[in-house]
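*Asks:* Can you keep this structure in mind? I'll have questions shortly.
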Amino acid sequence: MEFDWKAWFMGVWEDNRRLTDKVARALVEAGAIDQAPVAGMRSFRKMLLEIWGMEQVYVRGLAHEQWQWEALPETLGAAPIEETLAFGRQVREETRRLWPTISFDALAKERPAPFEWHPQGRAIEWLTYALENEIHHRGQGYVYLRLLGKEPPAFYIRTE
C-alpha cells in the first residue's frame, strides 16, 4: 500500500486550521481578537490575515502556475469580525477545491523563488513553512488567552 503524502499533509493542515479557528473564536468571545496584549506583538486578527494570505497565494500559485502576491482586502482589518472569519473560511474552501488539482510532482519539484523575498525550493517546503507559521501564531493566541485569564482550547482535540 502506497502512502498518500498529499492527503496526509492536507489532513494535518485541516487539523491545525480547526485548532486555529478555535483560538480565534475564544479570542472573539474574550473581546480580544483585535488586542495585542504584549508590546510589539500584533493582534490575532492580523495574524489570521497573514495565515490566510500565505495559504491563498501558495495554493493559487500551485493550482494555476501563476505566482502573484495579492494583498488581502484592507477592509478585513476593520470589518466586523464575523466578516473577517467568513473570509478565512472562503480561503479554506478554495484550498479544498483546488488541492485535488495540484499533483504531488508539483509539490515535490524544485522551483525558482516565486517572489523577490522568497527562497527557491519545493512547494511542499513552502506549505510546511506556512503551516509552521500558523502553528507559531496560534501559540501566540494561546499566550494571549492565558494573559486574559482564559483557558485556551485543548491543542490535542482536533475535531470541530
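*Asks:* Looking at (1) part of a helix (DSSP H, G or I); (2) under 30 Å from residue 31 (Cα atoms); (3) modelled with pLDDT of 95 or more, which is the only condition residue 99 fails?
*Replies:* Condition (2) is where residue 99 drops out.
*Asks:* Under 26 Å from residue 29 (Cβ atoms), at pLDDT 95 or above and not aliphatic (A, V, I, L, M): does that describe residue 77?
*Replies:* Answer is no for this residue.
Residues checked against (1) loosely packed, with under 12 Cβ neighbours inside 10 Å; (2) in a helix (DSSP H, G or I):
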| position | (1), (2) |
| --- | --- |
| 58 | no, yes |
| 68 | yes, no |
| 107 | no, yes |
| 132 | yes, yes |
| 144 | no, yes |
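*Asks:* For region 14-60, name all the residues that are out of contact with any Phe, Trp or Tyr (no Cβ under 9 Å at 6 or more places or on another chain), at pLDDT 95 or above and farther than 20 Å from residue 76 by Cα.
*Replies:* 14, 15, 16, 18
*Asks:* Next question, about the same structure. I need a count of the residues in region 112-160 that are touching a residue at least 40 places away in the same chain (Cβ under 8 Å) and of a type in the set (Lys, Arg).
*Replies:* The number of residues fulfilling the criteria is 3.
*Asks:* Would you point out which residue out of 113, 24, 36, 86 is farther than 25 Å from residue 6 by Cα and either touching a Pro at 6+ places or on another chain (Cβ under 8 Å) or outside any helix (DSSP H, G or I) (or both)?
*Replies:* From the options 113, 24, 36, 86, the qualifying one is 36.
The values are calculated or read from the model by the stated rules, or taken from the named source; none is laboratory data. From a predicted model like this one, the values you see are computed outputs, not experimental measurements. Don't worry about glycine lacking a Cβ; one is built from the backbone with ideal geometry, like all the others, and counts go over all protein chains shown.
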